[in-house]
Amino acid sequence: MGFRRLEDDRRRRHRSCQDAGMVERALSFGTVAETYERFRPGYPAELLELVSAYAGRPIRTALEIGAGTGKATRVFAQGGVAVTATEPDGAMLAELRKQLPASVTAVEAAFEDLPLDTSYELVYSAAALHWTKPEGRWARMAALVQAGGVFASFAVPIQLADPDLKEAARAARAPYLEYDGVPSPDDRPPADRPMDWPGTELQESEWFTDVRQLVVERRLTMSAHEYVGHLSTVSAYVLLEPADRDEVFRRILEVLPETVEINAEVTAHLARRR
């Protein structure tokens with residue numbers, strides 16, 4: 001029994017350290033808000049079509065969680081959806097307000113602090129859901145989605161399409177940064193997952209049904225400097241010491257050609273509120 005308590009304590013400490021690291025990374029983007037807006041790719045218009053087809057009706061109201069500078073907000077706002085875009089970082093939200101029309105309601109708030117007195121036909125998050133706290137996530141989400149409404153999550157892990165270039169870039173950064181992604185909240189082995197996260201959790205949730213995982217294929221071409229510009233907005237690089245970050249980017253540029261092809265496919269998870 002004593003060994004079990006020790007193991008539970010170890011796991012709690014490990015989770016606490018992980019959570020602290022995630023909070024630090026989640027709040028790092030404001031320091032690069034303008035760069036984020038400049039170099040992060042936008043989202044394809046197909047996302048609104050995909051969500052509307054799944055909903056089976058036009059979407060009129062939407063709540064966005066972790067809107068950043070409004071990259072995904074544009075897609076839904078331009079499609080006539082009344083979007084309330086929430087973002088905990090004031091600098092990111094200021095950039096969003098510069099870029100988007102006044103018809104978008106911008107609110108500075110973390111997901112965990114949103115009032116639950118209003119619900120929406122659509123609640124969505126684009127490359128931001130993993131920054132929310134897991135405790136009570138789906139109960140809170142369910143309170144924000146109208147009965148019969150839709151929850152959607154979009155993930156876009158921008159990667160070099162050429163596997164040899166991808167490995168060369170990894171080796172170039174490895175002395176300073178072995179892994180530059182965000183750990184999946186689902187720590188189960190891939191073979192044990194019916195689908196990717198957050199679909200795995202949605203399938204187990206009592207509040208959502210008809211969970212689907214869909215992929216929007218997309219390739220982009222950009223200069224090596226634009227690619228490194230994108231990397232400069234990734235939290236793992238933002239948190240490096242400035243001198244180390246500069247050296248990593250110098251090393252990566254050395255191994256890349258002038259122009260690179262990027263795999264920018266969007267993985268969408270859709271679920272319906274019971």
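Here, each number is a calculation from the coordinates, and none is a lab measurement. Keep in mind that this is a model prediction, so the values were computed, not measured. Virtual Cβ from ideal backbone geometry, glycine too; neighbours counted across all protein chains shown.
Observations on the structure shown:
- The range 132-195 versus the range 203-241: alpha-carbon centroid distance in Å: 7
- Overall form of the range 216-273 per C-alpha gyration tensor (a/c, 1.5; a/b vs b/c): oblate
- The relative contact order of the range 120-186, computed from alpha carbon pairs under 8 Å that lie at least 6 residues apart in sequence, is 39 percent.
- Within the chain, percent of DSSP bridges classed antiparallel, to nearest 5: 50
- A Gaussian network model of the chain, with springs between Cα atoms under 10 Å, assigns the largest mean-square fluctuation among Asp89, Asp180, Asp117 to Asp117.
- FRET efficiency, 1/(1 + (r/R0)^6) with R0 45 Å, evaluated for Asp164 and Ser52 via beta carbons: 0.70
- Cα gyration tensor category, rounded, prolate or oblate, for the range 143-244 with a/c compared to 1.5: prolate
- The range 95-169 - convex hull of alpha carbons, volume per residue in Å³: 162
- Scanning the chain for long hydrophobic helices, with DSSP H runs required to stretch 30 angstrom or more by C-alpha along their axis and to average at least -0.5 on the Kyte-Doolittle scale, returns nothing.
- Here the extension length gained between Ala94 and Arg219 equals 42.1 nm, from 0.36 nm per residue of separation less the Cα-Cα distance.
- Here the contact order of the range 129-257, divided by its residue count and restricted to Cα pairs under 8 Å and six or more residues apart, works out to 33 percent.
- Selection from Leu96, Leu165, Ser235 lying farthest towards where the dipole of the chain points positive, charges on Cβ: Leu96
- Nearest-20 debye value, the range 90-233 charge dipole, Cβ charges on Lys, Arg, Asp, Glu: 380
- The range 130-172: mean projected area of Cα convex hull, nm²: 5.0
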